[in-house]
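Engineer: One structure follows; several queries about it will come next.
The values are calculated or read from the model by the stated rules, or taken from the named source; none is laboratory data. Computed from a predicted structure; not experimentally measured. Cβ atoms come from the backbone with ideal geometry, glycine included; neighbour counts cover every protein chain shown.
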Amino acid sequence: MLKYSIKRLFQSLLTLFIIVTVVFLLMRLLPEEGYFGDAYEKLDEAQREAILTSMGLRDPIHIQLINFYKNLLKGDLGESITFRPRVPVMEIIKDKVPYSLYFGLASIAISLIVGISLGIAMARNKSKFWDKLGTGYIVFVRAVPAAVYFLFIQIYITDIFKLPMLFKIDDPKTWILPTISMSLGGIASYAMWIRRYMVDELNKDYVKLARAKGLDSKKIMVRHVFRNAFVPMAQYLPATILFTISGSIYIESLYSIPGMGGLLVEVIKRQDNTLVQALVLIYSSIGIVGLFLGDILMALFDPRIKLER
Amino acid sequence: MGKGAVNKLRNSIENSIKEDELFEFAEFDEEEAKRGGYSNYSYWRSTWKVFISNRLAAFLLILMAVLLLFTFIQPYLPNQKSPTKIHNHPETNLPLKNLRPNEEFWFGTNSIGQDLWARVWSGTRTSLMIAIIVGLWEAIVGITIGALWGYVRWLDRPITEIYNIINNIPKTIILILMTYIMKPSMFTMIFAICLTSWIDMARFVRNLTIIIRDREYNLASKCLGTPTRRIITKNLLPYLVSVIMLTIALSIPSTIGYEVFLTYIGLGLPVKTPSLGNLVNEGRLLILNPSQRYQLIFPSIVVSVITISFYILGNVFSDAADPKNHV
């Protein structure tokens with residue numbers, strides 16, 4: 001187990017290193033006007049050169065990369081260019097983290113609880129009305145672009161319940177809809193997978209034996225089928241984290257939540273390269289950590305998985 | 001060849017006309033054939049039978065066929081307007097902005113006076129084209145790499161390591177990064193989506209290839225001297241067909257989804273190109289005014305119908321193409 005964890009950790013660190021390097025190099029490909037923000041027009045050629053040199057952008061590329069890593073280890077990701085000029089990126093992002101964290105974690109928790117309950121209910125009523133309704137929901141959520149149904153939820157549900165359309169920190173009613181919207185995709189995935197695994201398990205011999213012994217079907221479901229079906233679910237936890245990341249970018253911007261996702265959309269529109277770079281790196285790291293934890297969890301849950309290869 | 005033999009051959013050719021009358025074709029009788037242990041099984045016919053027996057799938061297949069045909073011939077039909085032309089009022093010469101749906105403009109006009117009906121179909125063409133290119137790329141690259149990965153043993157380790165690294169990065173982030181760095185264009189969009197889309201496909205094909213490669217029936221086939229070509233087309237391909245069709249069908253909803261998402265965050269196609277993403281986004285800007293919500297609703301309905309249909313069709317077809325589901 002320890003050997004596997006260390007190997008997996010090493011792999012994650014390698015990925016992180018590759019991502020940081022590639023993102024840094026790709027960002028250098030962008031035109032140099034990007035470093036001046038609104039001041040570009042006012043400066044002449046010599047002044048621009050001077051600024052670029054002082055920022056270290058005239059150094060050879062490998063020196064730049066090493067400097068970037070040094071600053072990264074100190075927790076310094078540069079300064080904002082157009083969004084809030086000359087303010088350190090980390091300071092801007094620091095205020096945004098709690099919101100993203102709350103919405104992300106809340107939606108993962110709701111996805112797990114509601115999705116698994118829905119999946120169990122569907123497996124128990126296989127081919128009956130509720131199963132069909134649930135399948136319809138799953139197909140809809142997985143097929144239609146989230147960008148479309150998020151919008152309709154925002155327009156019509158706020159209309160029906162007379163809720164404000166945008167997020168307000170001190171109005172708890174405005175916290176509900178974004179959280180629910182962000183969970184919809186996760187609920188559908190979990191319901192789909194748990195239903196599939198439970199239906200598979202139900203056809204196995206040990207269930208027939210349990211029936212023949214005279215156990216009542218509720219007990220079989222909870223004690224036997226669900227336990228076995230739950231194990232492979234651990235591998236979908238990281239997928240949910242990735243899913244939540246893309247959902248949060250959209251939802252936060254749609255409801256004007258002051259989180260990192262909304263910030264990313266904003267700085268892309270404002271062409272603030274350092275902030276985009278920082279947010280891309282943060283989101284990739286979250287993804288990598290999520291996948292790492294998911295793999296470790298799965299290895300813990302399921303002793304059948306061979307750890308040494 | 002002796003002279004006698006040549007004569008014999010000539011005689012037999014002359015006689016052949018008479019011999020034709022001597023024989024007659026036996027009617028093919030399925031019941032009789034089954035008694036002799038012959039199975040009239042055809043992979044494609046069974047697939048089709050299972051597929052079409054699902055009434056919803058049959059309906060959606062017809063619906064999508066009609067819709068695709070219509071989308072591509074729409075500009076050549078009479079009385080269609082250009083998707084980019086700004087319509088002006090004939091007398092005042094002011095642009096006809098935000099007209100609600102009427103007889104002249106079936107879906108109304110948008111905020112600068114273009115015909116929404118024409119824009120919706122033009123957008124559908126653009127988005128479907130992107131989706132189909134991505135789907136084909138995914139199938140070709142995914143299957144090639146997946147087959148090599150599964151079949152060539154020494155490639156297994158290196159490709160697995162590369163896969164682990166790429167798979168660790170959130171796809172959305174790669175998409176955002178690539179479209180941010182490159183200029184907004186159709187090529188950028190296709191390139192960014194293609195960059196990662198083949199990975200899942202490759203892994204899937206690899207797993208299938210490994211499972212099928214060492215199956216007993218393939219071993220038996222090989223021992224009986226079946227050529228590799230036949231093993232691939234008859235033993236391997238039927239399993240892959242369902243995967244390929246599923247991938248192409250599912251790449252349509254997912255690509256349209258990516259496009260709508262990227263457009264929303266400001267990294268989509270250039271605004272002047274009508275696409276489903278651009279149309280939804282244009283409609284989104286007007287949601288505060290309920291009387292103009294039709295500009296969001298029409299493109300959204302088209303997006304939903306297309307994505308749901310292809311999602312269901314892909315899943316039903318992949319079930320039908322699985323030989324295990326054939327009777």
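Engineer: Out of A:I92, A:I176, report the one residue that is crowded, with 17+ Cβ neighbours inside 10 Å, of a type in the set (A, V, I, L, M), farther than 30 Å from A:A229 by Cα and more than 14 Å from every other protein chain (Cβ to nearest Cβ).
Structural biologist: A:I92
Engineer: In addition: State which residue is surrounded by the most Cβ atoms within 10 Å (Cβ to Cβ) when the search covers only the stretch A:133-145 and only residues that are part of a helix (DSSP H, G or I) and at the interface with chain B (Cβ under 7 Å from one of its Cβ atoms).
Structural biologist: Among residues in the stretch A:133-145 that are part of a helix (DSSP H, G or I) and at the interface with chain B (Cβ under 7 Å from one of its Cβ atoms), the one surrounded by the most Cβ atoms within 10 Å (Cβ to Cβ) is A:A143.
Engineer: Got a sec? Which of B:I248, B:I301, B:I211 is of a type in the set (V, I, T), over 29 Å from B:T188 (Cα atoms) and part of a helix (DSSP H, G or I)?
Structural biologist: So the residue among B:I248, B:I301, B:I211 that is of a type in the set (V, I, T), over 29 Å from B:T188 (Cα atoms) and part of a helix (DSSP H, G or I) is B:I211.
Engineer: Also, I was wondering about something else. Within the stretch B:295-317, work out how many residues are surrounded by 18 or more Cβ atoms within 10 Å (Cβ to Cβ), more than 9 Å from chain A (Cβ to nearest Cβ) and either more than 16 Å from the chain's Cα centre (by Cα) or at pLDDT below 85 (or both).
Structural biologist: Residues in the stretch B:295-317 being surrounded by 18 or more Cβ atoms within 10 Å (Cβ to Cβ), more than 9 Å from chain A (Cβ to nearest Cβ) and either more than 16 Å from the chain's Cα centre (by Cα) or at pLDDT below 85 (or both): 3 in total.
Engineer: If A:M27 satisfies all but one of (1) surrounded by fewer than 16 Cβ atoms within 10 Å (Cβ to Cβ); (2) under 26 Å from the mean Cα position of the chain (by Cα), what's the number of the condition it fails?
Structural biologist: Every listed condition holds for A:M27 apart from (1).
Engineer: Restricting attention to helices (runs of 4 or more DSSP H) lying wholly within the stretch A:1-89, give those where 2 or more residues are touching a residue at least 60 places away in the same chain (Cβ under 8 Å) and of a type outside the set (D, E, K, R).
Structural biologist: A:2-28
Engineer: When you scan the stretch A:282-294, do you find a residue that is surrounded by 23 or more Cβ atoms within 10 Å (Cβ to Cβ) and in contact with a Phe, Trp or Tyr (Cβ under 7 Å, 6 or more places away or on another chain), even just one?
Structural biologist: No, the stretch A:282-294 contains no residue that is surrounded by 23 or more Cβ atoms within 10 Å (Cβ to Cβ) and in contact with a Phe, Trp or Tyr (Cβ under 7 Å, 6 or more places away or on another chain).
Engineer: Moving on. A:W130 passes all but one of (1) assigned to a helix (DSSP H, G or I); (2) within 14 Å of another protein chain (Cβ to nearest Cβ); (3) loosely packed, with under 15 Cβ neighbours inside 10 Å; (4) modelled with pLDDT under 90; which number fails?
Structural biologist: Of (1) assigned to a helix (DSSP H, G or I); (2) within 14 Å of another protein chain (Cβ to nearest Cβ); (3) loosely packed, with under 15 Cβ neighbours inside 10 Å; (4) modelled with pLDDT under 90, only one is false for A:W130: (2).
Table: residues versus (1) closer than 30 Å to A:I120 by Cα; (2) in a helix (DSSP H, G or I).
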residue	(1), (2)
A:N228	yes, yes
A:A239	yes, yes
A:I251	yes, yes
A:I257	no, no
A:G262	no, yes
A:L275	no, yes
A:D295	yes, yes
A:A299	yes, yes
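Engineer: If you take just the helices (runs of 4 or more DSSP H) that sit entirely in the stretch B:83-186, which of them hold at least 3 residues that are within 14 Å of chain A (Cβ to nearest Cβ) and surrounded by 18 or more Cβ atoms within 10 Å (Cβ to Cβ)?
Structural biologist: Here the list reads B:116-151, B:171-181.
Engineer: Is one or more of the residues making up the stretch A:113-127 touching a residue at least 12 places away in the same chain (Cβ under 8 Å), assigned to a loop (DSSP other than H, G, I, E, B) and in contact with a Lys or Arg (Cβ under 9 Å, 6 or more places away or on another chain)?
Structural biologist: So far as the stretch A:113-127 goes, yes, one or more of its residues are touching a residue at least 12 places away in the same chain (Cβ under 8 Å), assigned to a loop (DSSP other than H, G, I, E, B) and in contact with a Lys or Arg (Cβ under 9 Å, 6 or more places away or on another chain).
Engineer: Restrict the check to the stretch A:195-208 and report whether at least one residue is under 32 Å from the mean Cα position of the chain (by Cα), closer than 22 Å to A:A143 by Cβ and of a type in the set (F, W, Y).
Structural biologist: yes
Engineer: Every residue in the stretch A:196-225 that is within 16 Å of A:I116 (Cα to Cα), among the hydrophobic types (A, V, I, L, M, F, W, C) and surrounded by 12 or more Cβ atoms within 10 Å (Cβ to Cβ), please.
Structural biologist: A:M198, A:V199, A:M221, A:V225
Engineer: Return yes when B:G123 is in contact with a Phe, Trp or Tyr (Cβ under 7 Å, 6 or more places away or on another chain), closer than 28 Å to B:L175 by Cβ and in contact (Cβ under 8 Å) with a residue 60 or more places away in the chain and no when it is not.
Structural biologist: no
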